[in-house]
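The next block holds one structure in the form of structure tokens; read it before the comments.
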Ligand SMILES: NC(=O)c1ccc[n+]([C@@H]2O[C@H](COP(=O)([O-])OP(=O)(O)OC[C@H]3O[C@@H](n4cnc5c(N)ncnc54)[C@H](OP(=O)(O)O)[C@@H]3O)[C@@H](O)[C@H]2O)c1
């Protein structure tokens, strides 16, 4: 049984991979930076890993899905951009939309074509639950992930044994904030830990839960 995880070199993706490994899955790890990914693969005792820039070459994942037919696919790779829209670089916005939306949609579609049963978890954010000044484009990509996953789960109900989940993730201690150029002042106290989130999310995904929201505060935020 294989589990494919994107963005597995660090943060949440690494911990999700660890959790799935503990549950007996053979891992297929994908992220961009080869050195980081290789180190993560060593720590996870996994020999199958592919350094791919998913904002450009996401179609390469199609062949990997056809070859391994993974039972679990976690679309986790993603990043945010913090700041007023007019001040953000267009190239970075394009890269973010390509990764957070296009790659995730392509990989999900490919799984639909190849598999009739298994689990997909798409990583969204609590940013999808309300308007987010200075995170407008990022929040919108995560709203896409949530509505796409919800709609698709209904679309396949009764036709396929595939379970589709989406994770509405609150602020979590990873490299996300540094990479997004986003200050953490004021939210440090309520930040989630990636290992706990991964444990919770994997358990819920494997139970077929569609909407996964770790943490009481964030459940209330996204009511
Ligand atoms: N942390 C939070 O507070 C938070 C909250 C809500 C939602 N999220 C979402 O959670 C997911 C995981 O993020 P994280 O918090 O774990 O952040 P992270 O530590 O920065 O991890 C991001 C992962 O995505 C990979 N990645 C980035 N760009 C890529 C690309 N172009 N191609 C392939 N892989 C790429 C990174 O690999 P490289 O290092 O090789 O680039 C890394 O493995 C993201 O979708 C994020 O939007 C995070």
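A short reminder: the numbers here are calculations on the coordinates, not readings from a lab. Because the structure is predicted, anything quoted here is derived from the model rather than measured. Neighbour counts are summed over all protein chains in view; Cβ atoms, including those assigned to glycine, are modelled from backbone coordinates with ideal geometry.
Would you mind stating whether residue 14 is near the ligand (Cβ under 9 Å from one of its atoms) and surrounded by 15 or more Cβ atoms within 10 Å (Cβ to Cβ)? Judged against the criteria, residue 14 is a match. The single residue among 138, 119, 144, 166 that is under 25 Å from residue 1 (Cβ atoms), within 15 Å of the chain's Cα centre (by Cα) and either assigned to a helix (DSSP H, G or I) or within 13 Å of the ligand (Cβ to nearest atom) (or both) turns out to be 166.
Residues checked against (1) touching a strand residue (DSSP E or B) at 6+ places or on another chain (Cβ under 7 Å); (2) farther than 23 Å from residue 59 by Cβ; (3) free of Cβ contacts under 8 Å to residues at least 12 places away in the same chain:
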residue: 105; (1), (2), (3): no, no, no
residue: 109; (1), (2), (3): no, no, yes
residue: 122; (1), (2), (3): yes, no, no
residue: 152; (1), (2), (3): yes, no, no
residue: 157; (1), (2), (3): no, yes, yes
residue: 165; (1), (2), (3): yes, yes, no
residue: 169; (1), (2), (3): yes, yes, no
residue: 174; (1), (2), (3): no, yes, no
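One residue stands out among those in the stretch 51-67 that are near the ligand (Cβ under 10 Å from one of its atoms), surrounded by fewer than 19 Cβ atoms within 10 Å (Cβ to Cβ) and without any contact (Cβ under 8 Å) to a residue 40 or more places away in the chain: the one that is nearest to residue 26 (Cα to Cα), which is 51. Of all residues assigned to the stretch 123-130, at least one qualifies as being surrounded by fewer than 19 Cβ atoms within 10 Å (Cβ to Cβ) and outside any helix (DSSP H, G or I). Counting the residues of the stretch 87-116 that are away from the ligand (no atom under 12 Å from the Cβ), part of a helix (DSSP H, G or I) and farther than 22 Å from residue 181 by Cα gives 9. Considering 70, 133, the condition of being in contact with a strand residue (DSSP E or B) (Cβ under 9 Å, 6 or more places away or on another chain), away from the ligand (no atom under 15 Å from the Cβ) and part of a loop (DSSP other than H, G, I, E, B) is satisfied by 70 alone.
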